[in-house]
Every structure is written in C-alpha cells, then in structure tokens.
Amino acid sequence: MTEPVTTLSEDLFSQLQKESFVLLHTTDVDSSSPTSSAISWVYAPNDSTLRFAIDGRSRLSANMSAHAGVSVTVFAPGTVQTIYGRAKLVTDALQDVPFKLVCYDIEIDVVRDAMFYGARLSTLPQYEKTYDKRAAEKLDGQVFAAMKKA
C-alpha cells in the first residue's frame, strides 16, 4: 500500500495561489447530510494548508462549527483532486473588506485523486462573474489581500 499524500503537489499548490473554482463539502448542522458549495475565494498559504473566505452569514459557517471535518474538490489540469481535513476559524471578520467575511484554514490530512479510472479531465470548469466586472475585481483583490494578512 502506498503512503497517503498529506501535502499539496507543486502543481496543485501553484494553482491555488490564485482564484480557483472549488467545491467545499461540509456536513449539515441540522440534518447531518453532506453538502456541497462552490467557492472561489480560496488559496494555499503553504503546501499543508488551504485558506478560504465565505460570507459570515453562510450556513457553511454553522456547519463547520458543528462538524469541523470537510473536504474540498479541486479541478486540476487532467484530473480532479479532493483535499480532506479539519476547518478551523482564522478570523470572524476579514479586515479591509466591505462586508463581513469569515476566514477558515483547513489543515490538510490527505490529498486523494478523485478522478475515475481510465479518464482524464480535458478542460477545467470555467465561470464568469455576473455583476460589475470592475467591482468584482476590486472585491476579489480586497478579499485575497485580507486572507493573506489573516
């Protein structure tokens, strides 16, 4: 049996230095059912930690307060990786951001290849912001700067 991978590869770490589309999986606080949410304010401060920001009013915060175990699905060139760990609140209010965002770290327990056998991801998911592009770029810059200082 191979040793579990407990840190991000160089390629995955590099990809997570900029805004990325990922899926955050939590356990619902009321039903204990699995949940999935798309987020993009995520980055890796080092190869063993993921950091992300979400709206402070989000149900995700309640979920992670009750059940710290989470996973994050990352779509990488050619494959899909899932990162497992425990979410820990870094700050309940990011500084210099115009509304209340909370910031979490995930200490990585294991990274697993989640792509099914015999397949390769041919393109990465793409998304576009549906509100004012200038406002989106400004907000993204504020959020990432604040996360890096948190």
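Every number in this text was worked out from the coordinates using simple rules, so none of it is lab data. Because the structure is a prediction, the values reported are computed rather than measured. All Cβ positions, even for glycine, are placed from backbone atoms using ideal geometry, and neighbour counts span all protein chains on display.
See the values below:
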read-out	value
Hz values of 3J(HN,Hα) by residue in region 95-106 - Karplus curve (6.51, -1.76, 1.60), Gly and Pro given as x	6, 6, 10, x, 9, 6, 10, 9, 10, 10, 10, 10
For a label point 7 Å along the Cα-to-beta-carbon line of Glu19, residues of region 79-106 with backbone N under 16 Å	97-99
Computed helical MRE - 222 nm, the chain, DSSP H runs ≥ 4 contributing -39500 (n - 2.57), nearest 500	-6000 deg cm²/dmol
Between region 77-150 and region 1-23, the Cα center-to-center distance that results, in Å	12 Å
Trypsin sites (Lys or Arg not before Pro) within region 1-81: DSSP coil, no more than 12 neighbouring Cβ in 10 Å	Lys18, Arg57
Residue-wise HN-Hα coupling along region 19-28, computed from phi with Karplus coefficients 6.51, -1.76, 1.60 (Hz; x: Gly, Pro)	3, 9, 7, 9, 10, 9, 10, 10, 10, 4
Taking the C-alpha atoms of the chain, convex hull volume expressed per residue in Å³	126 Å³
Loop sites in region 74-140: trypsin sites (Lys or Arg not before Pro), DSSP, at most 15 other Cβ within 10 Å	Lys100, Arg120, Lys129
Tensor-based shape of region 1-53 (alpha-carbon gyration tensor, a/c under 1.5 rounded, otherwise prolate or oblate)	oblate
For the chain, size of Cβ-based charge dipole, Lys and Arg +1, Asp and Glu -1, in debye	360 debye
Calculated FRET efficiency for the pair Ala119/Glu3, C-beta based, R₀ 30 Å, to 0.05	0.75
Under-5 Å amide H pairs with Leu121, H placed in peptide plane, nonlocal only	Gly78, Thr79
Extreme residue, positive dipole direction of the chain, given options Thr130, Phe144, Asn63 (C-beta unit charges)	Thr130
Residue-wise HN-Hα coupling along region 60-69, computed from phi with Karplus coefficients 6.51, -1.76, 1.60 (Hz; x: Gly, Pro)	4, 4, 4, 4, 6, 5, 7, 9, 6, x
Test item: Cα-centred dipole of region 1-68, Lys/Arg +1 and Asp/Glu -1 on Cβ, debye	260 debye
Within-10-Å neighbourhood charge of Phe99 [Cβ basis; K, R +1; D, E -1]	+1
